[in-house]
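These notes are about the structure you will find just below.
Computed from the coordinates by the stated procedures, all read-outs in this text should not be read as laboratory data. As the structure is a computational prediction, the values presented were derived from the model and not from experiment. Note: ideal-geometry Cβ built from the backbone for every residue, glycine included; neighbour counts use all protein chains shown.
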Amino acid sequence: MQQSTLVRLKEGFELNKPILVVGLPGVGLVGKLVAEHLVDELEAEKIMEVYSPHFPPQVLVNKDCTVRPVSNIIYYGKANGNDILFLVGDHQSTTSQGHYELCSLYLDIAEEFGVPRIYTLGGYPTGKLTSEETVLGVANNTKLIEEIKEYGIEFRESEPNGGIVGASGLLVAFSGMRGIDAACLMGMTPGYLMDPKSAQFLLKVLCKMLGIEVNTDSLKKKAEEMENILEKLKEKEEQQTLPEIKPTEEDLRYIG
């Protein structure tokens, strides 16, 4: 397998200007948590699988002890009368070439289905053991920025300062070259732990933008469990007078 492979699980159906929501693994798993939660709540249907030699050379073990290869998956769901596509998965590319190749493939799919807008989801690492109810955004055109500012998304001059590495950033930039509006929405997160609390904030904003309501109980439970872990870490930090944990420059640049 020299190139990434797209497996179509369902043929011959049409979508009406679907929004594409991208939640691949990244900082704090924020985007992945949000997208997968929506897939579950909307009972979205799996329509495509993507396999690539740019993914890690591993298989994942199922509950019944069978295995499956690492993949990214595209789901189709419907909410508030609108079609929505979700891109979720196990990993992003491990190579620079793969990031470009896979993003090109995802945009080919978006064009095929007539996607007018893409929202990529991720986390913005702060390096602090605190959560902020803030969603930071970037977009590929100023008109879109003015539109989605109304939902409380913050746009800060030249931030993220180190740029955005990975699919979340590349898809936003290259979609503009294909005439597709796109924005990256980032929840504030410590950056080194799974962060369902940040995902909650991001989910709330995204649902408002999409005009939908979903049950958030499962995500809330995960957030409470992680909050307990963070409290214990804070206590330990205070007892040992540890210095503030700061992400490396590379961590700050990788907004998944």
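Pair-distance distribution P(r) for region 123-164, from all Cα-Cα distances in 10 Å bins starting at 0: 24, 52, 22, 2 percent.
Its Kirkwood hydrodynamic radius, worked out from the mean inverse distance over all distinct Cα pairs, puts region 1-138 at 16.1 Å. Taking amide H as placed 1.01 Å from N in the peptide plane, Asn140 has its amide H under 5 Å from the amide H of Ala182, each at least 5 places away in sequence or on another chain. Extension gain for the segment Asn228 to Lys78, taken as residue separation times 0.36 nm less the Cα-Cα distance, is 50.5 nm to one decimal.
The slack in the chain from Leu129 to Arg156, taken as 0.36 nm per residue of separation less the alpha-carbon distance, amounts to 7.5 nm. Taking a ≥ b ≥ c as the square roots of the eigenvalues of the Cα gyration tensor, region 63-150 is classed as oblate, since a/c reaches at least 1.5 and a/b does not exceed b/c. Per-peptide packing, taken as the mean over residues of other Cβ atoms within 10 Å, places 94-107, 75-88 in the sequence 75-88, 94-107 from highest down. Given R0 = 30 Å, the distance between the Cβ atoms of Lys236 and Val214 translates into a calculated FRET efficiency of 0.30. Can you give the log10 of the normalised intensity I(q)/I(0) at q = 0.11 Å⁻¹, computed with Debye over equal Cα scatterers of region 5-253? Those come out to -0.58, one per q.
With r defined as the distance between the Cβ atoms of Glu43 and Thr142 and R0 fixed at 41 Å, what FRET efficiency is calculated, to the nearest 0.05? Plugging the Cβ-Cβ distance into 1/(1 + (r/R0)^6) gives 0.65. You can think of it this way: the chain between Leu15 and Glu112 has 33.9 nm of extra reach, that is 0.36 nm per residue less the Cα-Cα gap.
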